[in-house]
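Before I ask anything, here is the structure I am working with.
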Amino acid sequence: MSNKLEILSLYGFRRDPFHGVEIESADASRVKNLISMAVSAHAQISIVGERGIGKTRAVNTALRGLNINPVRILTPDKTRVTAADIQEALLIELVPDEKVRQDREIRIRQLRRVLGEASKRGAVVVVIDEAHRLHGNTLRSLKNLRELAWMGETHLFTVVLIGQSDSTQKMGMSEVRLRTEVVQMHGLTAAEIGRYVMETVGNVFTEDAIDALAGIQDARNYLDLQELLVHAMANAIARGAEKVEAKDVGDRPNERAETISKSGSGAKQNALKSVMARKRAVGAN
C-alpha cells in the first residue's frame, strides 16, 4: 500500500481524515440495540465480524450511553487469559482499594460479594476483545462465574465477547454456545460507504468515483475501504489529476502509481504539479 499519510498530505490534508470518524451504520445501530438488551438481561453476547468491520467501535458506542460498570480484559495475548485473570480484573476494577485474595476459594467468595454489591449500583459488563483467541477452558470457566449467586440473584454480570469468529463454536462449547447470543456484523452498505467517503476525503472524489467504490465488496470493511481510497488517490496523483475519478478506483493502484510511490516524494510532487498549477490559476481568478 502507498504511504497513506504522504498521499493525504499531497492532496492538502493536514491531519488523517479517517482518524476518529464514526458513522451511524445499520450494523452499529443493530449492535447498540442488542447490547442494550443483553445488559438489561445480564446475558452473554458475542459480536462477530472480520477485522476492520467496526466491531470494537460499535461496542464502545453502544456501551457509552449505558449506566454500567465496564470491566475490560487488557491482557494482549488472549490465548493466555485464564479464569483467574478475569476474576482479578473484576476485583481490581470494581473495588480498587480492596486487596485481591490469593486463596482461590476465598477469592471466589470475595468476587461473589463484590459483584452482588456492584450490580446494585449499575450493571457490570465484562468486555473481551479478540475473544476468538480465548481457550475453551476459559470460556467454560466464564460461564461458571456468571452462575455465581448473591442474595438470591444469579448472572451478576454481562459478558460482551468481540471476535473475528464465534468462539463458542469450538469443540466442547455446546453449553456455552446455548447461553450466548451471537451477532454477526455484515459491514457498510453502499449508501454508508458513500457517506463515509464524503465525511473523510469526499472533497477530492467525484460522484462517479464514490459510486464505483460503493460497488466493491471489500469496501464494506472500514480498513479495506480506507486502503481502497488511498490507492485511488495514488492513481489520481499518477495522472496528475485534481480529483479522483471512477477510473482510479480498483483493488490495486495502477502501475504508474506504484512506480511513483517507489520513486519518492519528488516524483509525486512532479505528478501533482499540474494539479497545483490549476488550483493556483483558479485562486487567481
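Every read-out reported here was derived from the displayed coordinates using simple, explicitly stated rules and does not represent laboratory data. If you're wondering where the values come from, they're calculated on a predicted model, not measured in any experiment. We place every Cβ from the backbone using ideal geometry, glycine too, and count neighbours over all the protein chains shown.
Given the options I35, I106, I128, which has the most mean-square fluctuation in a GNM of the chain, springs set between C-alpha atoms less than 10 angstrom apart?
Looking only at I35, I106, I128, the biggest GNM fluctuation is shown by I106.
Then there is this: How high is the relative contact order of the stretch 26-184, given as a whole-number percent (alpha carbon pairs under 8 Å, six or more residues apart)?
About 35 percent, as a whole number.
Right, something else. Picking from G152, G172, G187, which is most flexible by a Gaussian network model of the chain using Cα springs under 10 Å?
In this elastic network of the chain, the residue with the biggest mean-square fluctuation among G152, G172, G187 is G152.
Roughly what percent of Cα-Cα pairs across the chain reach past 24 Å?
Cα-Cα pairs in the chain separated by more than 24 Å: 59 percent.
What ³J(HN,Hα) values, in whole Hz, does the Karplus curve 6.51 cos²θ - 1.76 cosθ + 1.60 give for the stretch 235-242 when θ = phi - 60°, with x put for Gly and Pro?
5, 5, 4, 4, 8, x, 8, 6
Net charge within 11 Å of T75 by Cβ-Cβ distance, Lys/Arg positive one each and Asp/Glu negative one each, not counting T75 itself?
Summing Lys and Arg as +1 and Asp and Glu as -1 gives -1.
Give the relative contact order (percent, whole number) for the chain; include only Cα pairs under 8 Å separated by 6+ residues.
Here the relative contact order equals 23 percent.
Another question, then. Please order H19, H135 by the number of other Cβ within 10 Å, starting at the fewest. Mind showing how you got there, number by number?
Numbers: H19 7, H135 16.
Listing H19, H135 from fewest to most nearby Cβ atoms yields H19, H135.
Calculate for the chain the 222 nm mean residue ellipticity that helices alone would give, adding -39,500 (n - 2.57) per DSSP H run of length 4 or more and normalising by residue count, nearest 500 deg cm²/dmol.
-15000 deg cm²/dmol
How large is log10 I(q)/I(0) at q = 0.19, 0.20, 0.30 Å⁻¹ when the Debye formula is applied to the Cα atoms of the stretch 109-159, each weighted equally and without solvent?
-0.65, -0.71, -1.18
Pairs to check: K99/K143; K32/K99; K32/K143. Give those whose C-alpha atoms are more than 28 Å from each other in this structure.
Those over the limit are K32/K99.
Can I ask one more? Provide the percentage of antiparallel DSSP beta bridges, counting only those with both residues in the chain; round to the nearest 5.
Of those bridges, close to 5 percent are antiparallel.
Running a GNM on the chain with Cα contacts under 10 Å, which residue among G54, G65, G202 ends up with the highest mean-square fluctuation?
Comparing G54, G65, G202 in the GNM, the peak value goes to G65.
In units of 2.2 N^0.38 Å, what is the alpha-carbon radius of gyration of the stretch 26-184? Before the final figure, lay out each step's value.
Numbers: Rg = 14.8 Å, N = 159, 2.2 N^0.38 = 15.1 Å.
In units of the 2.2 N^0.38 Å rule of thumb, it is 0.98.
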